[in-house]
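Below is one structure, written out as structure tokens; comments come after it.
The values are calculated or read from the model by the stated rules, or taken from the named source; none is laboratory data. Computed from a prediction, not measured in an experiment: that's the story for all the values here. For neighbour counting, all protein chains shown are included, and Cβ atoms are generated from backbone atoms with ideal geometry for every residue, glycine included.
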Amino acid sequence: MKKALIITYYWIPSGGSGVQRWVKFVKYLRDFGWEPVIYAPENADYPVVDASFEKDLPADITVIRRPIWEPYALYRKFTGKKDKSIQAGFVTDAKQENWKDKLSIWLRGNLFIPDPRVCWVSPSVRFLKKYLSTNPVDVIITTGPPHSVHLIGRRLKKQFPALPWIADFRDPWTGIFYYKDLKLSLPVDFRHRQLEKKTIAEADLTLVVSEHMQQEFSRYRYQQLAVVANGYDEEDFVQEAVKPDEQFVITHTGLLTEKQNPQVLWKILQEIALENADFRKDLRIRLTGSVDGSVLNDIKASDLEANLELSAYVPHHEAIRLQRGSQLLLLCLVQNPDTKSIVTGKLFEYLQSGRPVVGIGYTDGDAAAILKQTNAGVMFDFSDAVLLKEKIQAYYQQYKAGTLSVDADREVISQFSRRKLTGKLTGLLDQLYQKSQPVNPV
């Protein structure tokens, strides 16, 4: 069986979306003739923990863990945010940053290039150089963010030039929505862009998760680019049927930051509740996961606090159960044009849940295209209160009549199953493997 070395920062016991893509690939790789070998940090600073993903791992899988140093403990001590999870890039959602926040962001952006996990690069290269000399593999895969992981792949590629290297981008690099908030100097900005360019140029294959990301990276015109989307795992849905809640439940699972705050939704829910007493009685807003205080403040200001059901992060299987038991599922994107390429992993689980999806985001983005393609829901613009209100009222009328459902295209949705996506991935791996083999002389 061919072997793939997968270098990743996010690995079990990490929870959240960052870990799921490769845990699910690893789950099915053996079915397609590939044996995974995982390289991950042993003491990473994960914002959320979810050990339930252990059940997805194949038996006797090789997981190599090596120490990592990260500056997050210093950051928490310096800012006094000892109990808070770290936002991407140290970028805070606070409208009024204090001087400590500003200095921390500047230091993060200008000293830790490309990100605060860069100190893991050199020791990892030294270790893996020795490891690969006695434990050969057939392909190296690096997955980012953090994009410093790709620097490990670049340096290993120079040591083992005949070994194919795949750079997997779950999110953009310089195109990520918070990149402009990192307070980068011009030389550092140039350095980021050069590293991104060289990573894509030197990788034998660059994987991205959306069409917009493929278009963004195609400007480099060096090597092969391929879209392998995120998806849902059919086995996560093989459980007893979940009956929709008796109340009109609108559910959002996962992280909900200030930049994702769907203010237009709270506005129209308040309006409908004032116009319809039954709606106010039936409505439940279920937010499961880390929710920014600004979101809670806006819900309270909209006189919807009594309708709020708030809970902390729950294990993945419980989140799926909550999704399937909801009347509507809420998808909130960041209001920044750079997020048009972002397709969150939970979208695909929303699709498979069989409940209508209400999206607040860009109507010309990749997530909107998937909702339209699958007929699983509707994406509304950030300020489109009129159409959003009409749709919520229509959904509520269907709920009252007992007919609220979604006529999604199950065949289209099935292309996002984790098993099928792993088949697409391994097809690309097989092609690289064949190209890397020496040609026998005639």
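Numbers at a glance
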{"quantity": "Residue in segment 351-360 that is farther than 23 Å from Ser383 by Cα and surrounded by fewer than 22 Cβ atoms within 10 Å (Cβ to Cβ) present", "calculated": "yes"}
{"quantity": "Lone qualifier among Ile113, Ile105 - being within 26 Å of the chain's Cα centre (by Cα), outside any loop (DSSP other than H, G, I, E, B) and modelled with pLDDT under 95", "calculated": "Ile105"}
{"quantity": "Helices (runs of 4 or more DSSP H) contained in segment 299-409 and holding at least 1 residues within 19 Å of the chain's Cα centre (by Cα) and at pLDDT 95 or above", "calculated": "345-353, 366-374"}
{"quantity": "Any hit, segment 200-217, residues being surrounded by fewer than 16 Cβ atoms within 10 Å (Cβ to Cβ) and at pLDDT below 95", "calculated": "yes"}
{"quantity": "Residues (in a helix (DSSP H, G or I) and either within 23 Å of Leu256 (Cα to Cα) or of a type in the set (A, V, I, L, M) (or both)) located in segment 39-58", "calculated": "Ala51, Ser52, Phe53"}
{"quantity": "Some residue of segment 263-286 being within 24 Å of Glu349 (Cβ to Cβ) and among the polar types (S, T, N, Q)", "calculated": "no"}
{"quantity": "Filtered residues of segment 133-191 (kept if over 21 Å from Glu70 (Cβ atoms), part of a loop (DSSP other than H, G, I, E, B) and aromatic (Phe, Trp, Tyr))", "calculated": "Phe160, Phe177"}
{"quantity": "Selection within segment 259-298 - among the charged types (D, E, K, R) and within 20 Å of the chain's Cα centre (by Cα)", "calculated": "Lys259, Asp292"}
{"quantity": "Given (1) over 24 Å from Gln431 (Cβ atoms); (2) touching a helix residue (DSSP H, G or I) at 6+ places or on another chain (Cβ under 6 Å); (3) modelled with pLDDT of 85 or more; (4) not polar (S, T, N, Q), number of the condition Glu235 does not satisfy", "calculated": "(2)"}
